[in-house]
Structures are given as structure tokens and as C-alpha cells.
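One structure is given below, encoded as C-alpha cells.
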Amino acid sequence: MSSTNQTSLSSVLLPIQYNVLFVISWFYVTFGIAGCFLNILLFSKKQFRQISCCTYFLVASVAMFIQLVIYSVPSIYAFYYFNPMSYYPIYCKVRMYLVLSPSLIYNWSYAAATFDRYAISSANARLRQLAKVKIAVRVLVVICLVSLTFSVYVPVVYEIKSSTCSIFNNPSATLFTTLSTILLNTFIPTMILIVYTLLIWKNLKEKRQRRQQLFNRENNNSVQQKQDRQALPSTM
């Protein structure tokens, strides 16, 4: 009886999950891919290429664009026709690699961009020297190389069984993938974003206090404060 109930529940939940993923894929295509493409066009402009923070955003947008295309377009195709991940092992392995590695790149690029904004808002002259395009390029090269190298294990552990592309009979690989996704893709980059956003706010607050002590001209003060108020929302 219990086995019958589980089978019945599975037959109900699987189509729901399938349709939800289909809707999410179309949402990614409509908004995510289009948004990333517009970001790439924007940050590729000459005036933005001279800003270190925008260099991080450009690479992050490219990585996110690649991930969304690799994830969403085949999912939509599989809904109407057939799922290649259920039949072609090489495609299964390559797709999972191209989904996981770009996510590391864009998460850590955003984290680095937040540090870049913290550095440029700092009163420390040496720290402000880190907010340069050439430094951003070097950091991004390291992020890309580490992310692509770290994800090499993915094609090794993923395989197709019962028309499903996943990790089978390998608890260590499953645990490692889960922990690395939670820590490296989510928790640590998010904490970096939060911490440095708070530090940016602190730097801007101290900057306003120093300016109030040095300048008595109200017009100049209001312009500078307006610029500072714009800095934190742009970081968010």
C-alpha cells in the first residue's frame, strides 16, 4: 500500500517539476539572457572599459549569459522534443561542466567587484591603487582559471543512468559537489558581498564626516553627498 502511494505521489510530482522547470527556462530566456546581453553591450563601451568595477561586471555578465544559454535553451528543446542529456553521455558531462563553472566565475566576479568598490572608497591610498583595470584583469584571469580548473571533476563524476544525468553510486562526489555549491557558489561570495557593502557604507559615512569638517560651502557639500549616496545603490 505504501509503495503504491509513493508511486502515485511520484507520478503527480514529476510532471509538476517538469513544467516548473520549463517555465523557469522560459523566464531565463526572456529576462536573464536578454538582460545579460544588454549588460555585455553596455559594459563593452569604451567609457565603461576604463572603470575597473565595470570590467568585473562585463566578465560576470558573459559567464552568466553562457550559463543561462546552456541551461535554459536545451531545457526548452527537451520539453518539445527529447532531452539529449538522457541519451548522450558526453553532452551530459559537458553541459554540467558549462553550467557549474560559469556560476563560479560570475559569483566571484561580483564579489571581487564589491571589494573593488570598497577599495576605491577607502581613505587608504595604497588600497585605492587596487581599484584599477589592470588589477581587475589579473584578478579575473585568476578567477576564470581557478573556476575552470576546479570544475574539471564534474565531467568525471556525472553519468547517465535510467535516462538521468547525475552522480550515481558515489557518495563522496555527491557530498563534495553539494558542499562546494553551497560554500563556493553561494555562501562565501554572498558573505563577501554583504561584508564589503557594509564597509563601503562605513567608508562613505566617514568620508562625509571628514568633508563636513574640511568644507563649509554648502553647495559643494551637497554635490559630494549626492555622489556618495549614489555609490552604495550602484554596489547593491
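So the values come out like this:
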item: Matching option when the condition is out of contact with any strand residue (DSSP E or B) (no Cβ under 6 Å at 6 or more places or on another chain) and at pLDDT 80 or above, among PHE82, PHE22; result: PHE82
item: In the stretch 140-164, the residues that are more than 17 Å from the chain's Cα centre (by Cα) and closer than 16 Å to THR178 by Cα; result: VAL152, TYR153, VAL154, PRO155, VAL156, VAL157, TYR158
item: Exclusive hit being closer than 24 Å to LEU184 by Cα, of a type in the set (A, V, I, L, M) and either at pLDDT 90 or above or surrounded by 13 or more Cβ atoms within 10 Å (Cβ to Cβ) (or both), set ILE105, ILE40; result: ILE105
item: Filtered residues of the stretch 131-145 (kept if out of contact with any Asp or Glu (no Cβ under 7 Å at 6 or more places or on another chain) and not in a helix (DSSP H, G or I)); result: LYS132
item: Counted residues, the stretch 112-127 - those being assigned to a loop (DSSP other than H, G, I, E, B) and surrounded by fewer than 17 Cβ atoms within 10 Å (Cβ to Cβ); result: 2
item: Boolean, SER163 is at pLDDT below 90 and not basic (Lys, Arg); result: yes
item: Residue match in the stretch 157-164 (condition: in a helix (DSSP H, G or I) and touching a residue at least 12 places away in the same chain (Cβ under 8 Å)); result: yes
item: Residue match in the stretch 128-139 (condition: within 16 Å of the chain's Cα centre (by Cα) and either farther than 27 Å from TRP201 by Cβ or buried (at least 20 other Cβ atoms within 10 Å of the Cβ) (or both)); result: yes
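The values are calculated or read from the model by the stated rules, or taken from the named source; none is laboratory data. Worth saying up front: this structure is predicted, and the values here are computed from it rather than measured. Neighbour counts run over all protein chains shown; Cβ positions are idealised from the backbone, glycine included.
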